[in-house]
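Chemist: Below is one structure. I have some questions about it.
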Amino acid sequence: MIHTAVSAALPPLDALPQIPRPNRVLMTTPAHFRVAYVINPHMEGNIGAVDRDEARAQWERLRETYGRLGVDVSVIEGQPGLPDMVFCANQTLPYQTPGGERGVVMSRMHAPQRKPEVEHFERFFESEDYEVRRLDADLPGDFEGMGDALWHPGRYLLWGGHGYRTDLQVYERLSAALGFPVIALRLTDPDFYHLDTCLCPLDEATALIYPGAFDEDGLALIRHYFERVIEAPEDEARGLFACNAHTPDGKHVIIQRGCTETVAKLREAGYEPVEVDTDEFLKSGGSVFCMKMMFW
Ligand code: ARG
């Protein structure tokens with residue numbers, strides 16, 4: 001079942017099966033990361049502008065940050081000719097069913113340049129004994145994995161962004177095939193082209209959002225399910241990807257350095273922000289959340 005507005009048909013959160021929080025992350029080395037083409041507004045003017053050494057150093061520090069927080073980090077090698085492969089939130093959607101089966105839905109990337117990235121992740125998840133699913137061949141439309149599809153923390157409920165990279169009908173199929181409800185959110189601002197640029201679920205009751213990226217129905221759905229909604233200011237959300245933060249444990253929030261107001265609000269709400277530098281990756285329209293995939 002897919003929901004696009006608040007209605008009496010929305011399932012209450014506590015009626016949905018509980019799913020454990022993923023405790024592992026996958027990262028892709030930035031060996032071949034650069035801005036080589038423009039497929040989102042942040043990339044404009046940045047072709048050739050990535051400092052490779054700095055990108056590597058920032059990536060290593062992010063990997064160390066996960067390690068320090070006790071998260072198990074797996075790494076796959078970035079491939080030549082695939083400069084965006086480092087953004088490994090996009091090629092897959094790993095899931096765990098209420099019965100405990102682990103599987104993964106492979107993405108269908110919107111940009112032709114990124115399509116060949118997907119097979120490398122398929123091999124990784126096969127080696128982890130995940131059930132690998134592809135979108136039905138007869139289904140039109142694209143799907144960019146956890147760029148747009150985010151699990152509600154702890155529940156078998158999916159938040160599905162659509163409008164730029166992922167098409168709404170894909171969520172209908174996924175919901176029917178895997179039995180989770182999808183709360184669909186239409187994205188309305190091209191700077192926030194993936195849901196993970198404007199919605200960061202922190203725990204079952206709390207989300208960090210940039211409200212300007214959603215329509216009224218979307219905002220009402222977010223406020224319906226999250227008791228506490230922390231709003232990032234526009235400059236930090238647009239320029240520093242404040243909402244592309246990630247909490248691996250519901251306590252520490254890894255976030256791009258300089259999001260002063262967002263960090264203060266997170267602290268006030270009881271979280272522990274961990275600031276990192278992802279400036280080189282911001283040139284390509286990605287930050288912390290985009291640079292890893294969570295799985296079990
Ligand atoms: N340059 C990449 C693209 O436009 C950045 C992807 C960022 N990933 C994300 N999950 N928002 O596809």
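Chemist: Looking at region 146-236, what % of its DSSP beta bridges pair antiparallel, to the nearest 5?
Modeler: Rounded to the nearest five, the antiparallel share is 45 percent.
Chemist: Right, something else. Assign one of three labels to the chain, namely rounded, prolate or oblate, based on the Cα gyration tensor with a ≥ b ≥ c the square roots of its eigenvalues; rounded applies when a/c is under 1.5, prolate when it is not and a/b is larger than b/c, and oblate otherwise.
Modeler: Note, shape of the chain comes out rounded.
Chemist: Under 10 Å, Cα contacts only: if you run a Gaussian network model on the chain, which one of ASN46, ASN244, ASN90 comes out with the highest mean-square fluctuation?
Modeler: ASN46
Chemist: Can I ask one more? Name the residue farthest towards the positive end of the dipole of region 92-167 from the options LEU158, MET109, VAL132, assuming +1 on Cβ of Lys and Arg, -1 on Cβ of Asp and Glu, about the Cα centre.
Modeler: Sorting the options by dipole projection puts first LEU158.
Chemist: Now a separate question. So if we plug the beta-carbon distance of ALA31 and GLU227 into 1/(1 + (r/R0)^6) with R0 = 35 Å, what FRET efficiency do we get, rounded to 0.05?
Modeler: So, using R0 = 35 Å, E works out to roughly 0.25.
Chemist: I would also like to ask the following. Could you work out how much longer the chain between ARG257 and GLU77 gets when fully extended? Use 0.36 nm per residue separation minus the Cα distance between them, nm to one decimal.
Modeler: This chain segment gains 62.2 nm when fully extended.
Chemist: What share of the DSSP beta bridges in the chain is antiparallel, in percent to the nearest 5?
Modeler: Counting DSSP beta bridges with both partners in the chain, the antiparallel share is about 45 percent.
Chemist: Put a dot 7 Å past each Cα toward the Cβ at ASN23 and ASP279; how far apart are the dots in nm?
Modeler: My value for the distance between the label points is 3.7 nm.
Chemist: Can you tell me how much longer the chain between ALA176 and GLU131 gets when fully stretched, taken as 0.36 nm per residue apart minus their C-alpha distance, in nm with one decimal?
Modeler: My answer for the length gained is 14.5 nm.
Chemist: Could you give the nm distance between label points at GLU101 and ARG123, where each point is 7 Å from its Cα heading toward the beta carbon?
Modeler: According to this spin-label approximation, the distance is 2.6 nm.
Chemist: Roll a 1.4 angstrom probe over the protein heavy atoms and tell me the percent of accessible area of region 24-79 that is carbon or sulfur.
Modeler: Accessible surface attributable to carbon and sulfur in region 24-79 totals 41 percent.
Chemist: Next question, about the same structure. How much area per residue is accessible in the chain when the probe is 1.4 Å and only protein heavy atoms are counted (Å²)?
Modeler: 38 Å²
Chemist: Same structure, new question: Pull up all non-local amide H partners of GLU272: gap of 5 or more, or a different chain, and H-to-H distance under 5 Å with H placed in the peptide plane.
Modeler: When sequence neighbours closer than 5 places are left aside, the close amide H contacts are HIS252, VAL253.
Chemist: Would you calculate, for the chain, the mean residue ellipticity at 222 nm contributed by helices, counting each DSSP H stretch of 4 or more residues as -39,500 (n - 2.57) and dividing by all residues, to the nearest 500?
Modeler: After summing the helix terms and dividing by residue count, I get -6500 deg cm²/dmol.
The values are calculated or read from the model by the stated rules, or taken from the named source; none is laboratory data. All values derive from a computational prediction rather than experimental measurement. Glycine gets a Cβ as well: all are built from the backbone with ideal geometry, and neighbour counts include every protein chain shown. Note: areas computed on protein heavy atoms with side chains; ligands, DNA, RNA excluded. Shrake-Rupley method; radii C 1.70, N 1.55, O 1.52, S 1.80 Å.
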